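Reviewing the structure listed below.
The values are calculated or read from the model by the stated rules, or taken from the named source; none is laboratory data. Predicted model only: the values in this text are computed from it and were never measured. For neighbour counting, all protein chains shown are included, and Cβ atoms are generated from backbone atoms with ideal geometry for every residue, glycine included.
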Amino acid sequence: MNDFFTLDTRDTVAHLQLNRPERLNTMAPPFFPALRDAVRALNDAGTARVLVISSTGKHFCAGMALDVFASDDALFATATPRARLGFQEALRRLIDCFSALDEAHFPVICAVQGGCIGGALDLATACDIRLCSADAFFTVQEIHIGMMADLGVLQRLAKIVPQGVARAMAYTGERVNAERALAVGLVNAVLPDADALLAHAMQLAREIAAKSPLAIAGSKLALNHARDHGTAASLQQMTLLQSAIFDTDEMATAIAAWKAKAAAGFAALAPAAKV
């Protein structure tokens, strides 16, 4: 598919695995649209019910490759008003690549082993659930190289962990280890090693995938709206959303399976219309 990750879908669980361990899975500019396009293709197809993102090697991801910042690439040019306008558009497009995770109909589980550094934390905070291995650590690396993080972590992190924790991470670039990450709510669970981590992530994914994909998609829409809006507006959105996707046939299938202690045969979501 590309030089950055593999993507495999078994039944209704998709697994995207970063696969450049020799380069600490660092991100070069082509990585971003490749990720965006892969996630949106899964979303448009309607068959995947959960996406697990994991990695290979010692570290989950060391963020943006530093040689990108040292290049004369026009992507980072700011010498003129025209260049700065172009920079803004390029940055919007990079941000959109991680927003694809947040906007997908299906939940995304991020399984972190070793370092989750710089841009990798932007990616992780755009996911629904984060898990990690005991050797994991998380850091807003950008502050160490004289820039603020700009791909979503400053906007999302403080809605996951307490404000003071998010601000300390952003201002100091401190390494938050697995134990601390669990304590502040950055991750849901800490597993002993990378193998146990992936096994736990896939088991959680299968549990989610067994539920109604319609109800899961609706729940993600409602949770995201509530995160970004006030309670009154979110409750109003709920009345519209529930009326749009309320399905008694889906409920009957779920109830029958629950009573029988059997797997339910839910239909996939409809594929997105081609435009």
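Some observations on this one:
- Of the residues making up the stretch 89-145, just one is under 24 Å from residue 210 (Cα atoms) and of a type in the set (Phe, Trp, Tyr), namely 106.
- Options 111, 126, 100, 65: the member that is under 20 Å from the mean Cα position of the chain (by Cα), in the same structural domain as residue 200 (by TED's automatic domain parsing), within 30 Å of residue 12 (Cβ to Cβ) and surrounded by fewer than 23 Cβ atoms within 10 Å (Cβ to Cβ): 100
- Residue pairs whose Cβ atoms lie under 6 Å apart, separated by 6 or more positions or on different chains, with the first residue in the stretch 259-275 and touching a residue at least 12 places away in the same chain (Cβ under 8 Å) and the second surrounded by 10 or more Cβ atoms within 10 Å (Cβ to Cβ) and in a loop (DSSP other than H, G, I, E, B), are 266/212; 268/46; 268/47; 269/46; 270/46; 271/46.
- Check on residue 231, farther than 22 Å from residue 155 by Cβ and of a type in the set (S, T, N, Q): no
Each row is one residue, and each column tells you yes or no for (1) of a type in the set (S, T, N, Q); (2) modelled with pLDDT of 95 or more.
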| residue | (1), (2) |
| --- | --- |
| 145 | no, no |
| 156 | no, yes |
| 165 | no, yes |
| 171 | no, yes |
| 177 | yes, yes |
| 187 | no, yes |
| 197 | no, yes |
| 201 | no, yes |
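- Test result for residue 16, in the same structural domain as residue 139 (by TED's automatic domain parsing), under 26 Å from residue 273 (Cα atoms) and surrounded by 13 or more Cβ atoms within 10 Å (Cβ to Cβ): yes
- Exclusive hit being acidic (Asp, Glu) and not in a helix (DSSP H, G or I), set 195, 150: 150
- Against the test of being in the same structural domain as residue 119 (by TED's automatic domain parsing) and either surrounded by 18 or more Cβ atoms within 10 Å (Cβ to Cβ) or within 25 Å of residue 120 (Cα to Cα) (or both), the options 196, 217 yield a single qualifying residue, 196.
- In the stretch 198-230, the residues that are in a helix (DSSP H, G or I) and among the small types (Gly, Ala, Ser): 199, 201, 205, 209, 215, 217, 218, 219, 222, 226
- Failed item in (1) touching a helix residue (DSSP H, G or I) at 6+ places or on another chain (Cβ under 7 Å); (2) under 16 Å from residue 119 (Cβ atoms), with residue 158 passing the rest: (2)
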